[in-house]
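*Asks:* Let me give you the structure first, and then I'll get to my questions.
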Amino acid sequence: MRLQDKVCIITGGAAGIGKATAEKFAAEGAKVLICDVNEEAGKALAEQLGNDASFWKVNVVNRQEVQVWIDEVAAKYGRIDVLINNAGITRDSQFVKFKQGEVVGQMGEDAFDAVIAVNLKGVFNCTQAVVPYMIKQGGGAIVSASSVVGLYGNFGQTNYAATKFAVIGMTKTWARELGKYQIRVNAVAPGFILTEMVQKMPENVLAGMASNTPLKRLGKPEEVANVYAWLASDEASYIHGAVISVDGGIVLGT
């Protein structure tokens with residue numbers, strides 16, 4: 001019960017790593033407050049987790065929606081102890097595809113803007129809404145989702161990699177700015193994780209992902225959630241400005 005009675009916000013909490021994190025936090029005794037754009041899945045999860053869990057339909061890109069949500073949480077519980085910036089999307093395509101002397105495809109502006117909005121601006125919006133409350137209460141913990149892609153890049157993910165590199169940059173900047181308020185800021189960089197979305201990929205693709213990982217398997221959402229929970233807890237009280245990879249060693253093999 002490392003998170004007993006802590007008020008914990010999880011964005012993108014309705015599925016995948018976010019869902020596993022919500023379940024882990026609830027098991028650790030936290031009051032779990034989930035937001036997502038998937039209202040049906042979010043409500044079902046909150047009901048499953050019990051009385052100390054709540055769901056709000058919030059698009060993290062919409063600054064007003066985020067602020068209203070955070071203000072409501074703070075008014076209801078009197079504090080916000082933990083923010084997990086987990087919400088994210090992908091819109092993959094090759095930056096420029098060149099064949100037989102001609103450009104035959106490229107990453108569209110809409111795909112670039114959509115990923116930047118959710119994965120980067122969303123983290124900015126949620127963190128900036130939460131930080132004043134944490135300052136006033138004397139501290140808190142913020143953990144944001146980066147990726148191993150944010151450490152070494154990846155083919156076909158210009159937009160996604162840009163956001164995940166940027167999350168690391170914001171994490172380290174906020175660690176410098178917010179440490180004096182006893183607000184710890186860290187990031188987690190997952191590798192290939194077997195979420196619901198990944199499970200829908202062809203078997204040969206999954207096998208290739210596993211073979212490229214030194215541990216020769218994909219990660220489980222729960223394994224990322226465990227690191228989120230540790231960083232959110234007092235056991236990580238001197239961990240600040242860090243980026244922790246949960247990737248089965250894949251960075252070592254690149």
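*Asks:* Give region 1-23 a look and list any residue that's farther than 26 Å from V198 by Cα and in a strand (DSSP E or B), or say none.
*Replies:* Here is the first cut: in region 1-23, the residues farther than 26 Å from V198 by Cα are 1-8.
Once the filter is applied, which keeps residues that are farther than 26 Å from V198 by Cα and in a strand (DSSP E or B), region 1-23 yields V7, C8.
*Asks:* Right, another one. What is the one condition in (1) modelled with pLDDT of 95 or more; (2) surrounded by 15 or more Cβ atoms within 10 Å (Cβ to Cβ) that D113 does not satisfy?
*Replies:* With (1) modelled with pLDDT of 95 or more; (2) surrounded by 15 or more Cβ atoms within 10 Å (Cβ to Cβ) applied to D113, the lone miss is (2).
*Asks:* Take Y228 and tell me if it is among the hydroxyl-bearing types (S, T, Y) and either part of a strand (DSSP E or B) or in contact (Cβ under 8 Å) with a residue 60 or more places away in the chain (or both). It would help to see each step written out before you state the result.
*Replies:* Details: among the hydroxyl-bearing types (S, T, Y): yes; either part of a strand (DSSP E or B) or in contact (Cβ under 8 Å) with a residue 60 or more places away in the chain (or both): yes.
It is true that Y228 is among the hydroxyl-bearing types (S, T, Y) and either part of a strand (DSSP E or B) or in contact (Cβ under 8 Å) with a residue 60 or more places away in the chain (or both).
*Asks:* While we're on this one: Criterion first (touching a Phe, Trp or Tyr at 6+ places or on another chain (Cβ under 6 Å) and either among the small types (G, A, S) or at pLDDT 95 or above (or both)) does I34 satisfy it? So that I can check it myself, show each step before the final result.
*Replies:* Details: touching a Phe, Trp or Tyr at 6+ places or on another chain (Cβ under 6 Å): yes; either among the small types (G, A, S) or at pLDDT 95 or above (or both): yes.
The answer is yes for I34.
*Asks:* Let me ask something additional. Taking interchain pairs and intrachain pairs at least six residues apart, which have beta carbon atoms under 7 angstrom, with the first residue in region 74-91 and aliphatic (A, V, I, L, M) and the second assigned to a loop (DSSP other than H, G, I, E, B) and crowded, with 19+ Cβ neighbours inside 10 Å?
*Replies:* Correct list of pairs: A74/I80; V82/K6; A87/G12; A87/V60.
*Asks:* Only one residue in A30, A41, A26 is closer than 20 Å to M197 by Cβ, buried (at least 16 other Cβ atoms within 10 Å of the Cβ) and in contact (Cβ under 8 Å) with a residue 24 or more places away in the chain, so which one is that? Lay out the reasoning, then the answer.
*Replies:* Values: A30 fails: closer than 20 Å to M197 by Cβ; A26 fails: closer than 20 Å to M197 by Cβ.
Exactly one of A30, A41, A26 is closer than 20 Å to M197 by Cβ, buried (at least 16 other Cβ atoms within 10 Å of the Cβ) and in contact (Cβ under 8 Å) with a residue 24 or more places away in the chain, namely A41.
*Asks:* Can you pull out the residues in region 235-251 that are part of a helix (DSSP H, G or I) and more than 13 Å from S147 (Cβ to Cβ)?
*Replies:* Step one: list which residues in region 235-251 are part of a helix (DSSP H, G or I), which gives 235-236, 250-251.
Residues satisfying the conditions are E235, A236.
*Asks:* Of everything in region 210-222 that's crowded, with 18+ Cβ neighbours inside 10 Å and not small (G, A, S), which residue is farthest from L3 (Cα to Cα)?
*Replies:* To start, the set of residues in region 210-222 that are crowded, with 18+ Cβ neighbours inside 10 Å comprises 213, 218-219, 221.
Checking the rest, the ones that are also not small (G, A, S) come to 213, 218, 221.
Working: T213: 32, L218: 27, P221: 19 Å.
That would be T213.
*Asks:* Within region 64-77, can one find any residue that is charged (D, E, K, R) and outside any helix (DSSP H, G or I)? Give the derivation first.
*Replies:* Quick first cut of region 64-77, residues charged (D, E, K, R) only: 65, 71-72, 76.
Those left that are additionally outside any helix (DSSP H, G or I): none.
No: region 64-77 contains no residue that is charged (D, E, K, R) and outside any helix (DSSP H, G or I).
*Asks:* Counting only residues that are part of a loop (DSSP other than H, G, I, E, B) and touching a Gly at 6+ places or on another chain (Cβ under 6 Å), which one in region 147-200 is surrounded by the fewest Cβ atoms within 10 Å (Cβ to Cβ)?
*Replies:* Of region 147-200, the ones part of a loop (DSSP other than H, G, I, E, B) are 147-148, 153-156, 182, 191-192, 194-195, 200.
Among the residues that remain, those that are also touching a Gly at 6+ places or on another chain (Cβ under 6 Å) are: 148, 182, 191, 195.
On the way: V148: 22, Q182: 15, G191: 23, T195: 20.
For region 147-200, the residue satisfying everything is Q182.
*Asks:* Please work out if V205 is under 21 Å from G16 (Cβ atoms), of a type outside the set (S, T, N, Q), in contact with a helix residue (DSSP H, G or I) (Cβ under 7 Å, 6 or more places away or on another chain) and free of Cβ contacts under 8 Å to residues at least 60 places away in the same chain.
*Replies:* Working: under 21 Å from G16 (Cβ atoms): yes; of a type outside the set (S, T, N, Q): yes; in contact with a helix residue (DSSP H, G or I) (Cβ under 7 Å, 6 or more places away or on another chain): no; free of Cβ contacts under 8 Å to residues at least 60 places away in the same chain: yes.
So V205 does not fit the description; no.
*Asks:* Within the bounds of region 76-83, is there any residue that is more than 18 Å from the chain's Cα centre (by Cα), under 29 Å from V224 (Cβ atoms) and surrounded by 13 or more Cβ atoms within 10 Å (Cβ to Cβ)?
*Replies:* Yes; the residues of region 76-83 include at least one that is more than 18 Å from the chain's Cα centre (by Cα), under 29 Å from V224 (Cβ atoms) and surrounded by 13 or more Cβ atoms within 10 Å (Cβ to Cβ).
*Asks:* If you take the residues in region 132-146 that are touching a strand residue (DSSP E or B) at 6+ places or on another chain (Cβ under 9 Å) and assigned to a helix (DSSP H, G or I), which one is surrounded by the most Cβ atoms within 10 Å (Cβ to Cβ)?
*Replies:* M134
*Asks:* I need the full set of residues from region 198-251 which are among the polar types (S, T, N, Q) and farther than 24 Å from I10 by Cα, in order please. Spell out the reasoning first.
*Replies:* Here is the first cut: in region 198-251, the ones among the polar types (S, T, N, Q) are 199, 204, 211-213, 226, 233, 237, 245.
Correct list: N204, S211, N212, T213.
*Asks:* Just a yes or no: is a residue in region 225-247 on the phi > 0 side of the Ramachandran plot and within 20 Å of the chain's Cα centre (by Cα)?
*Replies:* Of the residues in region 225-247, the ones on the phi > 0 side of the Ramachandran plot are 241.
Cutting the leftovers down to within 20 Å of the chain's Cα centre (by Cα) gives us 241.
Checking region 225-247: at least one residue is on the phi > 0 side of the Ramachandran plot and within 20 Å of the chain's Cα centre (by Cα).
*Asks:* Under 6 Å between Cβ atoms, which residue pairs at least 6 apart in sequence (or on different chains) link something in region 174-188 that is closer than 22 Å to N86 by Cβ and modelled with pLDDT under 95 with a partner that is hydrophobic (A, V, I, L, M, F, W, C) and loosely packed, with under 15 Cβ neighbours inside 10 Å?
*Replies:* none
The values are calculated or read from the model by the stated rules, or taken from the named source; none is laboratory data. For clarity, every value in this text was computed on a predicted model and none was experimentally measured. Using ideal geometry, Cβ is built from the backbone for each residue, glycine included, and neighbour counts are taken over all protein chains shown.
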